[in-house]
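> I have a structure here, written as structure tokens, and I will follow up with some questions on it.
The values are calculated or read from the model by the stated rules, or taken from the named source; none is laboratory data. Note that the structure is a prediction, hence the values are computed from the model and not measured. Neighbour counts run over all protein chains shown; Cβ positions are idealised from the backbone, glycine included. SASA here: full protein model, heavy atoms, side chains in, ligands and nucleic acids out. Shrake-Rupley method; radii C 1.70, N 1.55, O 1.52, S 1.80 Å.
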Amino acid sequence: MKKFPRKYQYPLMMSMVLPTMLLSMPAIMAYKTLPEGMSFYEAWLAAVGQMLPSALMLLAVVAPTVRIFVSKVLLEPVPKNN
């Protein structure tokens with residue numbers, strides 16, 4: 001199996017963790033608040049429908065903000081080769 005370069009570690013991790021979180025958190029909520037007689041699948045779809053738009057909007061704002069903060073404040077500047 002061909003492996004990816006190390007520079008793709010964080011994008012690969014995010015591409016696996018984010019969908020898992022976005023789908024499993026509503027499943028946990030739906031399971032805990034499942035009304036009697038309602039199917040789990042319907043409750044889960046309703047929870048995903050409520051949570052997903054807000055979560056994606058939040059991600060669209062937070063991800064670039066965190067990236068700017070990390071690159072400008074926390075990381076050392078890239079040395080210039082003159």
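> Calculate how steeply helix 9-32 sits against the longest principal axis of the alpha-carbon atoms of the chain, using the helix alpha-carbon long axis, and give the answer as 0 to 90 degrees to the nearest 10.
Computed tilt is about 20 degrees.
> Further question: With the other protein chains left in place, how much accessible area per residue, in square angstrom, belongs to the chain at a 1.4 angstrom probe? Before the final figure, lay out each step's value.
Details: 7640 Å² over 82 residues.
Computed with neighbouring chains in place, this is 93 Å² per residue.
> Which of V17, V48, V66 sits closest to the plus end of the dipole of the chain, meaning its Cα is farthest towards the positive end, when Lys and Arg get +1 and Asp and Glu get -1 on the C-beta?
The one lying farthest along the dipole's positive direction is V66.
> Still on this structure, I have one more. Quick one: putting +1 on the C-beta of Lys and Arg, -1 on the C-beta of Asp and Glu, what dipole do you get for the chain around its Cα centre, in Debye to the nearest 20?
Details: 8 positive and 3 negative charges, 144 e Å.
Dipole of the chain, to the nearest 20 debye: 700 debye.
> Given only helices, namely DSSP H runs of n ≥ 4 each adding -39500 (n - 2.57), what is the per-residue ellipticity at 222 nm of the chain, to the nearest 500 deg cm²/dmol?
Details: 2 runs with 54 residues, N = 82.
So the helix-based figure for the chain works out to -23500 deg cm²/dmol.
> Take the alpha carbon gyration tensor of the stretch 1-45, find the square roots of its eigenvalues, order them as a ≥ b ≥ c, and report rounded if a/c is under 1.5; if not, report prolate when a/b exceeds b/c, else oblate. Walk me through the intermediate numbers first.
Details: a/c = 6.35, a/b = 3.77, b/c = 1.68.
Because a/c hits 1.5 or more and a/b exceeds b/c, the stretch 1-45 counts as prolate.
> If you don't mind, there's one more thing I want to ask. Taking the Cα atoms only, what angle lies between the long axis of helix 40-69 and the longest principal axis of the chain, rounded to 10 degrees?
20 degrees
> Over 22 Å apart: what share of the alpha carbon pairs of the chain falls there, rounded to a whole percent? Don't jump to the answer; show the numbers that get you there.
Values: 1645 of 3321 pairs.
For the chain, the share of Cα pairs beyond 22 Å comes to 50 percent.
> Further, regarding this structure: With a 1.4 Å probe and every protein chain kept in, tell me what percent of the accessible surface of the chain is carbon plus sulfur. Let's see the in-between values first.
Values: 5330 of 7640 Å².
Here it works out to 70 percent.
> Rolling a 1.4 angstrom probe over the protein chains, ignoring ligands and nucleic acids, what is the accessible area of T33 in square angstrom, nearest 10?
100 Å²
> Which distance in nm do the two modelled labels at V78 and L45 give, with both placed 7 Å along the Cα-to-Cβ direction?
4.7 nm
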